[in-house]
Every structure is written in C-alpha cells, then in structure tokens.
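Report on the following structure.
The values are calculated or read from the model by the stated rules, or taken from the named source; none is laboratory data. Please read all numbers here as calculations on a predicted model, not as lab measurements. Positions of Cβ are generated from backbone atoms using ideal geometry, with glycine treated the same way; all protein chains shown enter the neighbour counts. Note: accessible area is taken over every heavy atom of the protein model, side chains too, but ligands, DNA and RNA are not part of it. Shrake-Rupley method; radii C 1.70, N 1.55, O 1.52, S 1.80 Å.
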Amino acid sequence: MLRNTETSWGSLARILHWGLAIFIVAMFAYGLWMKSLPVREDRVYHYGIHASVGISILVMMLLRVFWRVANPTPLPPRNSPAWELTAARLGHLGLYLIVFGALLSGWFLAGSGKAYLDFYLFGVVPVPNLLGVNSPYHGFFEEAHELTTYGVIALVLVHIAASVWHDKFHKHGLIARMITGKPSASV
Ligand code: HEM
Ligand code: HEM
C-alpha cells in the first residue's frame with residue numbers, strides 16, 4: 001500500500017527512508033573523498049556532482065516531510081515507557097533538522113569559494129549559487145557544512161543502535177516494519 005496506516009509504513013515512506021539513507025551516507029563518503037583530491041579541474045567536476053545529488057536530496061526530503069504530515073504515523077509499540085517515546089520523537093526530529101542543516105549549509109557553500117559551481121536538480125534543472133565567488137561567508141558555511149554532516153553521521157549511528165537494541169531486547173520488529181511494511185506485533 002502506498003499510504004501509511006496507524007500500524008504500518010506505506011511503500012512511499014519506506015522507499016524514501018531507505019533511499020535517502022543510502023544517498024545521505026554515500027554523500028558523506030563522496031564529500032570526504034572529493035575534498036581529499038588535489039586542486040585540479042576534476043575536483044570542481046566532483047563538487048558539481050556532489051552538489052547536484054545534494055540538491056536532489058533536498059527536494060526528496062521536502063517530499064518526505066510533506067508525506068509524513070499528509071499521512072498517519074504508525075503508532076509506537078504498546079507499553080513503551082514515556083522516556084523511550086520522548087527519546088524516539090526527539091531523535092527523529094533531530095535527524096530531520098540536522099539533515100536539513102547539512103543540505104542548506106551545502107547549498108550556501110556551493111560556489112562561495114574560489115570557483116563558480118555548475119550544478120543541476122536531478123541532473124537537468126540549473127540551480128543558482130546562493131553566494132558570490134570569494135564570499136566572506138565561505139569559511140562560516142564550510143565549518144557549518146562539516147559540523148552538520150559529521151553530526152548527521154553521529155546521530156544516524158545512535159539511530160541504528162537504538163533500532164537494533166529495540167529489536168534484540170524488546171523484539172518489537174520495528175526494522176522489519178520499516179523494510180517490509182508488515183505491522184509490528186507489539187502495536
Ligand atoms: C546530506 C547531504 C550532504 C552530505 C552528507 C554532505 C557531505 C559532505 C562532506 C563530508 C564534505 C567534506 C567536508 C570536509 O571534510 O570539509 C562535503 C563538502 C562539500 N559539500 Fe556536501 N554534503 C551534503 C550536501 C551538500 C549539498 C546539498 C551541497 C550543495 C548544494 C553540498 C556542497 C558541498 C561542497 C561545495 C563541499 C566542498 C567544501 C569545501 O570546499 O570545503 N553538499 N559535503
Ligand atoms: C541516513 C540514514 C537515516 C536517516 C536520516 C533515518 C531517519 C529516520 C527517521 C527521521 C525516522 C522516523 C520516521 C520518519 O519520520 O520517517 C526513521 C525511522 C526508522 N529508522 Fe531510520 N534513518 C536512517 C537510517 C536507518 C538505518 C540504517 C536503520 C537500520 C537499523 C534505520 C531504522 C529505522 C527504523 C526501524 C525506523 C522505524 C521506527 C518505527 O517504526 O517507529 N534507519 N528513520
């Protein structure tokens with residue numbers, strides 16, 4: 001089923017969750033790799049690809065937020081203690097905020113250094129550089145992008161640990177519910 005229900009994640013929410021997870025983690029590795037390249041023409045080429053994929057992720061994240069509010073959210077497992085519900089809510093909100101922080105700081109950063117950057121939404125629609133070349137804010141957004149992208153990875157590691165802990169000790173089947181859409185037996 002496309003839409004979420006009170007007990008299960010629909011196909012669109014699951015595709016967006018796992019698709020974006022793969023893209024975001026791959027973007028982190030790609031960002032580190034391209035930064036380590038010597039300053040040559042092909043480095044700017046890779047920056048352009050990184051920014052194009054990043055802007056496409058931004059649009060998919062907006063679709064994900066729209067879909068999240070336009071659909072019911074599957075209920076948490078019955079009898080979850082209040083602290084776990086609060087931690088899960090804050091953790092998920094934190095993931096959304098820090099991913100948007102990484103995306104927006106990246107967009108401001110693009111083309112704000114020594115070279116203008118050509119990049120495209122989904123590889124076709126040209127996207128403007130938000131700041132001019134040699135912007136005085138380049139250093140700020142470089143730091144902000146580094147901090148937020150490392151923050152995303154740190155929070156994702158906590159998120160994975162929490163999911164695995166839930167499944168191993170509480171046997172709620174939450175990972176299966178996010179992969180297959182099968183309702184958790186504990187809801
Ligand atoms: C969740 C999405 C993203 C992740 C995980 C990510 C990750 C990274 C990482 C790890 C670096 C290397 C940082 C360093 O070691 O200093 C980097 C650099 C960079 N990113 Fe992203 N990025 C994302 C989105 C974006 C977006 C949307 C744009 C632009 C539209 C962008 C533009 C850049 C640029 C221009 C650099 C080079 C920075 C420099 O010259 O110092 N990134 N990114
Ligand atoms: C970049 C990587 C990831 C991000 C940004 C992310 C983000 C999120 C967010 C925001 C939610 C809340 C539901 C929603 O609003 O869509 C969620 C749910 C979930 N995530 Fe992730 N996630 C990532 C990777 C993973 C990985 C690798 C696992 C595997 C262990 C995982 C397991 C889960 C599970 C099981 C749920 C559902 C919890 C429930 O059914 O209530 N996530 N994720």
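Yes or no, residue by residue, for (1) touching a residue at least 12 places away in the same chain (Cβ under 8 Å); (2) under 20 Å from L104 (Cα atoms):
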{"site": "E6", "(1), (2)": "yes, no"}
{"site": "L16", "(1), (2)": "yes, yes"}
{"site": "D42", "(1), (2)": "no, no"}
{"site": "N71", "(1), (2)": "yes, no"}
Selection within region 153-187 - within 17 Å of M27 (Cβ to Cβ) and in contact with a Phe, Trp or Tyr (Cβ under 7 Å, 6 or more places away or on another chain)
I153
Could you pull out every one of the helices (runs of 4 or more DSSP H) wholly within region 79-187 that has 1 or more residues that are within 16 Å of ligand 1 (Cβ to nearest atom) and open to solvent by 60 Å² or more (accessible area, probe 1.4 Å)?
82-109, 138-165
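Determine which member of the set V53, V65, V59 is more than 8 Å from ligand 1 (Cβ to nearest atom), closer than 19 Å to F108 by Cβ and touching a residue at least 24 places away in the same chain (Cβ under 8 Å).
V59
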Are any of the residues in region 39-47 part of a helix (DSSP H, G or I), surrounded by 15 or more Cβ atoms within 10 Å (Cβ to Cβ) and within 14 Å of ligand 2 (Cβ to nearest atom)?
no
